[in-house]
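Data block below; observations after.
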Amino acid sequence: MFPTLEPAEIERVRQFGVVRSYGVSEALERVGEVGPGLTIILAGKVDVTQHDTSGRREPIVTYGPGAFIGELAQLAGRPALVDAYALEPVEALIISPDRLRALLIAEAELGEQIMRAMILRRVGLLETGSGGPVIVGRAQNGDVLRLEGFLRRNGHPHQRLNPETDQEANALIERFHIDPGQLPIVLCPSGQLLRNPSEIELARCIGLVGPIDPNRVYDVAVVGAGPAGLATAVYAASEGLSVLVLDCRAFGGQAGASARIENYLGFPTGITGMALMARAYNQAQKFGVEMAIPDEVIGLQALSQSDKDQFVLKLSNNERVSARSVVIASGARYRRLEVENLDTFEASSVHYWASPLEGKLCSGQEVALVGGGNSAGQAAVYLASQVRKVWLLVRGPSLAAKMSRYLVDRISGLSNVEVLTQTNITGLEGTGGVLEAVRWRGAAGEETRHPLRHLFLFIGADPNTDWLEGSGVALDSKGFVLTGAGTDGASRPLETSVRGVFAIGDVRSGSTKRVAAAVGEGAQVVAALHAFLAEAEKPAAVSA
Ligand SMILES: Cc1cc2nc3c(=O)[nH]c(=O)nc-3n(C[C@H](O)[C@H](O)[C@H](O)COP(=O)(O)OP(=O)(O)OC[C@H]3O[C@@H](n4cnc5c(N)ncnc54)[C@H](O)[C@@H]3O)c2cc1C
């Protein structure tokens, strides 16, 4: 986590940075502020610290010559998560984020050392929650869950204080004159206080997302940062294209919600979806991909400017993105259960994925899980390790109909999972948004009532294609995007009915709904992008 560069290595990387001097006690970077970049200490000593909610500074490490200050925030040019102050006069080599990316690519071995240290440092900060926002609210509160889920899915550290048990929480509530009904509140590292913010408000406050340059025209704009979108980003950027990836929620898509992916090539012991997707996300940033997360795309329009095709994406915050080509990788969204009062319980008791956060919330309790596919099977296996009992409710006649054999076998070996086939949920009961009981009807037609606090739904997904309305992109009868031979206009594989607009992954009609298939299409589309962009560059033929 804290390597020291040899003098010869420092000499090699000097060309990427500029030398700066700092006086005693001067800040090299401050929490909540965008720092200058990766900082290699040439002379002197620097104290790196984190501070708690009452402003007390706690030391993390003291750096001397050869050490470097930086973690993933410095790669992306985002606000720092730690403070760094000169203990004595310091001379340092400052490498800005874009030069850092150039260094990582040009100096493979050294780059690996630096990248690994940056990732490990972020993991350390995630474990302690240092440098991130502080959420004040009860763990079971639906909005606290929403905000924590958002930060966790975006790999951003945070802390949570319980107003009933943490003195620091009460100090904050008094300091900002907060009424208990206004909880949760979020204190951002910049000192700004948010009252029950939306995810976008929180993201802006902590610098996760910033304004998009309205004058920039990207080679490729990718809508969706799931496995398909991130694969396109990595391959396109590593081959020299300028890429912007937009996602309305977090990187990783559905795959990021998977408790354990066991069928992705090269991971014989399985890997959590979040770990796999975080690697892809960091890899994309290393190649200079720009990320706009969370930013929602609500429209696509094709323009024709000075004989060159150009596309404009409209965002929900009224911003606009211009690009010479577009890749639709917006995947699918979870299907909801058709039960009258479902939305009443969605904030705190109904869950669409089973991560450690939900596992902790349901620890030691009985839960119900609806679904018969692989994602339901994975969730059942994971939850069984966290909760007292899982009721697995399947509409069909058996688990084997839709679930992979390995999951069916594993579930049959779990004593605390009870599978009920040909069973449907008939009603939900509870008060104040908290579920108290679930009713279901089994094969024999009888209705039973079970006292339960948590319900998990894994009943499939519908394509995220509403935003394509009016764009001219042709969809199939279920709303998935048609490509290649399936459309009138497309001349290349994975191209949609609009020239220069491509579709990949789960959103594409006829695609295989798997991580590996999405990644494969993400890589494959880059060849089609090159061909399209090269053709668009050619001067228009002069008509006779
Ligand atoms: C719980 C679970 C477990 C799974 N486990 C496995 C497994 O073990 N193995 C396997 O092979 N497959 C698994 N799958 C399936 C796999 O995750 C999907 O096939 C894969 O994620 C599809 O990738 P994608 O990039 O096409 O789309 P998605 O993963 O759906 O990503 C699409 C992204 O687009 C974003 N988006 C949508 N609309 C917009 C918009 N308008 N503006 C901006 N952004 C937008 C979404 O927020 C999302 O992040 C699992 C799925 C789930 C839900």
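Restricting attention to the stretch 474-509, report how many residues are surrounded by fewer than 18 Cβ atoms within 10 Å (Cβ to Cβ) and within 13 Å of the ligand (Cβ to nearest atom).
Result for the stretch 474-509: 1.
Which of (1) open to solvent by 50 Å² or more (accessible area, probe 1.4 Å); (2) modelled with pLDDT of 95 or more; (3) over 30 Å from residue 374 (Cα atoms) is the odd one out, the single condition residue 524 does not satisfy?
(3)
Answer with yes or no whether residue 152 is free of Cβ contacts under 8 Å to residues at least 12 places away in the same chain and crowded, with 17+ Cβ neighbours inside 10 Å.
no
What are the residues in the stretch 19-54 that are closer than 18 Å to residue 65 by Cα, out of contact with any helix residue (DSSP H, G or I) (no Cβ under 9 Å at 6 or more places or on another chain), touching a residue at least 40 places away in the same chain (Cβ under 8 Å) and in a strand (DSSP E or B), if any?
19, 20, 21, 22, 27, 28, 41, 43, 46, 47 - these are the residues of the stretch 19-54 that are closer than 18 Å to residue 65 by Cα, out of contact with any helix residue (DSSP H, G or I) (no Cβ under 9 Å at 6 or more places or on another chain), touching a residue at least 40 places away in the same chain (Cβ under 8 Å) and in a strand (DSSP E or B).
Looking at 184, 268, 227, which one is more than 9 Å from the ligand (Cβ to nearest atom), buried (at least 22 other Cβ atoms within 10 Å of the Cβ) and within 26 Å of residue 357 (Cα to Cα)?
Testing whether each residue is more than 9 Å from the ligand (Cβ to nearest atom), buried (at least 22 other Cβ atoms within 10 Å of the Cβ) and within 26 Å of residue 357 (Cα to Cα) leaves just 184.
Just give me the residues in the stretch 235-265 being open to solvent by 10 Å² or more (accessible area, probe 1.4 Å), within 10 Å of the ligand (Cβ to nearest atom) and among the aromatic types (Phe, Trp, Tyr), in sequence order.
264
Cβ-Cβ under 9 Å, sequence separation 6+ or interchain: first residue in the stretch 462-473 and open to solvent by 60 Å² or more (accessible area, probe 1.4 Å), partner not β-branched (Val, Ile, Thr). Which pairs?
Listed pairs, sorted by first residue: 466/479; 469/299; 470/299; 470/300; 470/301.
Check off (1) part of a helix (DSSP H, G or I); (2) in contact with a Gly (Cβ under 8 Å, 6 or more places away or on another chain); (3) closer than 12 Å to residue 259 by Cβ; (4) open to solvent by 50 Å² or more (accessible area, probe 1.4 Å) for residue 410 and give me the number that stays unchecked.
(3)
Quick one: which of 395, 320, 335 is under 30 Å from residue 184 (Cα atoms) and either open to solvent by 60 Å² or more (accessible area, probe 1.4 Å) or within 13 Å of the ligand (Cβ to nearest atom) (or both)?
After applying the criteria, what remains is 335.
Checking the structure you have, find out if any residue of the stretch 360-371 is at pLDDT 90 or above, aliphatic (A, V, I, L, M) and within 20 Å of the chain's Cα centre (by Cα).
Scanning the stretch 360-371 turns up no residue that is at pLDDT 90 or above, aliphatic (A, V, I, L, M) and within 20 Å of the chain's Cα centre (by Cα).
What's the total number of residues in the stretch 274-289 that are farther than 18 Å from residue 504 by Cβ and either within 7 Å of the ligand (Cβ to nearest atom) or in a helix (DSSP H, G or I) (or both)?
Here the count works out to 7.
The values are calculated or read from the model by the stated rules, or taken from the named source; none is laboratory data. Please read these numbers as outputs of a predicted model, since none were measured by experiment. Heads up, the Cβs are rebuilt from the backbone with ideal geometry, glycines too, and the neighbour counts pull from every protein chain shown. Remember, those area values only see protein heavy atoms, side chains included, never the ligands or the DNA or RNA. Shrake-Rupley method; radii C 1.70, N 1.55, O 1.52, S 1.80 Å.
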